[in-house]
Amino acid sequence: MAEQPNSNNLPKEQVIQLYKKAERIHPKKATGKYANLRILMILVTQLFFYGMPWLMWDDRQAVWFDLAGRHFYIFGLVLMANDLLLLTGLLVISAFGLFWWTTIAGRLWCGYACPQTVYTEIMLWIDHLVEGDRNKRMKLDKEPWNARKIRIKLTKYLLIFVVAAWTGITFAGWFVPIREFVPAIFHGTAGAGSFGVAAFYGFVTWLFGHIMRGQVCFYMCPYARFQSAMFDHDTLVISYDTERGEPRGARKKNVSREETPLGDCINCTMCVQVCPTGIDIRDGLQYQCIGCAACIDACNEVMDKMNYPRGLIRYTTEAVLNKEYTDAQIKKRLLRPKVVWYGGLLMLALIGLLTFGFTRDTLNVDIMKDRAAMARTNQDGLLENTYRLRLTNASEKTQMVKLEVSGFKDIRLTGQPENGVRVKGGGSEMVIVQVATQPEYARKGSHPIVFTFHYAPENEPNRVRDLREKASFIGE
Ligand code: SF4
Ligand code: SF4
């Protein structure tokens, strides 16, 4: 706030800074149970992210979101544009699953598995590896530029570039065949579109993970904003036990709890120093807290050194802090009826959707009437309609398709190949067929008919499934 001089003897104007530059936070490295759990989660999620595109399933990438070809391959499942509903259902159920999980366990997702947390943590590992822990990093930042500082910063940025670039390439590899894309990058022959996606995602990884960090959670993440609406007083949150900790204050190490009028918090600020978002958990639950539990590890270490019981900062619930029940009873409250019911319904919906996805027809058919000739009399004197059939194979295996038609007496089908139509996995074939009958069975107007498609994988001819599609036959 700065006061401005005023020549008219009016009260002085005050300038209030609405924008304050975010200060760089250099969290101290935390060690302990939750830090190990976070490392484990990062390894598991990143093994999945970096490894999955390299996994093969038969002759193609096991998981491949082929946007250009409008096919999504997920192991044996091939989803196409008309399966959009299924994908939407999956996304909606996943979103509700996350809401449900948040009601039970608060920000566990943010703290351990959210890509923003994960990449920030990876960038912090690099900071720590190259520049050292918190104090060394802060000291280095204040140092004037010299050869040593340039060397250290260049090394760090080189490592960050490698991680960001590989992350971008991997992300693009979920959408283009990665085994062709990676060599193409090094030979300079990668497509501009896929290269652009890789470069953009790599840039975002650097920007969000290294530069913006917690700012993304504070100002950009919608989930952070509305999750407080999902919290109730039984939700698991990371809290400082004010009653036990206050009044806080420094004391000698060998002073027992009984000998001091102070609470258990020795005001060492270790919980603040390890916090990646720079907040003080002792000020109460704050939206900036991403639930990483680094402060729990830090405080437990301090409690151990003081010979005080652990858990001054811990996972607990608001109700426990209000003395409605004890920490030992949390597990029972986590599985409260509301949670069990919603969880059960979500599970049922997910199982239903997945069952539908894996048992749905793997053949899609578009029936188009030949508009050039609605009905004609053929050389045998029969009344004939022509249809263009697009057969799309929504599985990864080549399928053989045989057609039948029904609807009225003496109905005949011509035009289909003798052994049926062969449609490659994920491919489409166009077939032109004629349906004919005696003129007296199809009087003027439109008559409903039904095409039946018998289809089976080429190498498993006994696994025949039927798909029926309605069409209309135009009489003379
Ligand atoms: S780490 Fe624990 S003892 Fe130290 S300031 Fe934080 S709450 Fe208090
Ligand atoms: S307050 Fe604790 S749990 Fe929350 S972000 Fe900071 S260190 Fe992580």
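What length, rounded to one decimal in nm, is gained on full extension from residue 329 through to residue 424, with 0.36 nm per residue of separation minus their alpha-carbon distance? Can you show the working numbers first?
On the way: separation 95, 0.36 × 95 = 34.20 nm, distance 5.78 nm.
Result: 28.4 nm gained on full extension.
Under 12 Å from a label point 7 Å along Cα→Cβ of residue 105: give me every residue in the range 273-295 with its amide N that close.
Within reach of a label on residue 105: no residues.
As a test of the formula, what do you get for the chain when each DSSP H run with n ≥ 4 contributes -39,500 (n - 2.57) and the sum is divided by the residue count, at 222 nm and rounded to the nearest 500 deg cm²/dmol? Could the numbers behind the result be given before it?
Values: 15 runs with 181 residues, N = 476.
Here the helix-only value at 222 nm equals -12000 deg cm²/dmol.
Quick one: if the Förster radius is 56 Å, what FRET efficiency do residue 223 and residue 371 give, using the C-beta to C-beta distance and rounding to 0.05? Let's see the in-between values first.
Numbers: r = 51 Å, r/R0 = 0.90.
Between residue 223 and residue 371 the formula returns 0.65.
Along each of its three principal axes, how wide is the spread of alpha-carbon positions in the range 24-360, in whole angstrom units, largest first?
Over the range 24-360, Cα extents along the principal axes are 73, 63, 31 Å.
What is the gain in length, in nm to one decimal, between residue 199 and residue 95 on full extension, counting 0.36 nm per residue of separation less the C-alpha to C-alpha distance?
Numbers: separation 104, 0.36 × 104 = 37.44 nm, distance 2.82 nm.
Between residue 199 and residue 95, full extension yields an extra 34.6 nm.
Please list, ordered by chain and number, the residues whose modelled amide H lies under 5 Å from the amide H of residue 472; skip anything fewer than 5 residues away on the same chain.
449
Please sort through the DSSP H helices of the chain and keep those with an alpha-carbon extent of at least 15 Å along the long axis and a Kyte-Doolittle average not below 0.0.
Passing helices, by number: 33-51, 84-105, 115-131, 147-172, 192-206, 294-306, 337-359.
Quick note: the coordinates plus some simple rules give every number you see, no bench work behind them. Just so you know, these numbers come straight off a predicted model, no measurement behind them. Here the Cβ is made from the backbone with ideal geometry for all residues, glycine too, and neighbour counts use every protein chain on show.
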